[in-house]
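These notes concern the structure reproduced below.
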Amino acid sequence: MPSYRRSGVGNACFFRGYLKEIGSGEPRNYSRQKRGEAAIWQRWFWEHTIRDQEDHQRHLDYNHYNPVKHGLCERVSDRLWSSFPRYVKMGYYAPDWGLGEEAGSTMEVGV
């Protein structure tokens, strides 16, 4: 089984881009100010260890399709800040993935 590890690099890149595009003037309530939290981060989360290749694929599919499902964009490829174009470039997804039906990717993790 391949080993997986998390990296803070993606978050750092996102945050720098967010500050550049949106700015740091996002209003924060008293509770967030007291804890030094930014207004864009979700306070509550749960840790999940990716169990296997199928689990990893499900999570990627969910993350890429979720903005379409909730009406934030019409196509997966339209979403700003998405990792989807990178996965298309690496051949893990077809460029039109997610159009019409929510379908699985062709990705094989750790190969």
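The values are calculated or read from the model by the stated rules, or taken from the named source; none is laboratory data. Quick caveat: nothing in here was measured; it's all calculated off a predicted structure. Quick reminder, even Gly has a Cβ in these numbers, built from the backbone with ideal geometry, and neighbours come from all protein chains shown.
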* Return a yes/no flag: does the stretch 97-106 have any residue that is surrounded by 15 or more Cβ atoms within 10 Å (Cβ to Cβ), β-branched (V, I, T) and at pLDDT below 95. => no
* Please specify each residue of the stretch 81-94 satisfying the condition of being part of a loop (DSSP other than H, G, I, E, B) and not hydrophobic (A, V, I, L, M, F, W, C). => S82, S83, G91, Y92, Y93
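Here's the yes/no breakdown for (1) small (G, A, S); (2) out of contact with any helix residue (DSSP H, G or I) (no Cβ under 8 Å at 6 or more places or on another chain); (3) modelled with pLDDT under 80:
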{"site": "G10", "(1), (2), (3)": "yes, yes, yes"}
{"site": "L19", "(1), (2), (3)": "no, yes, yes"}
{"site": "R51", "(1), (2), (3)": "no, yes, no"}
{"site": "E54", "(1), (2), (3)": "no, yes, no"}
{"site": "H59", "(1), (2), (3)": "no, yes, no"}
{"site": "Y65", "(1), (2), (3)": "no, no, no"}
{"site": "V68", "(1), (2), (3)": "no, no, no"}
{"site": "L72", "(1), (2), (3)": "no, yes, no"}
{"site": "L80", "(1), (2), (3)": "no, yes, no"}
* Is it the case that the stretch 59-80 has a residue that's in a loop (DSSP other than H, G, I, E, B), surrounded by 12 or more Cβ atoms within 10 Å (Cβ to Cβ) and polar (S, T, N, Q)? -> no
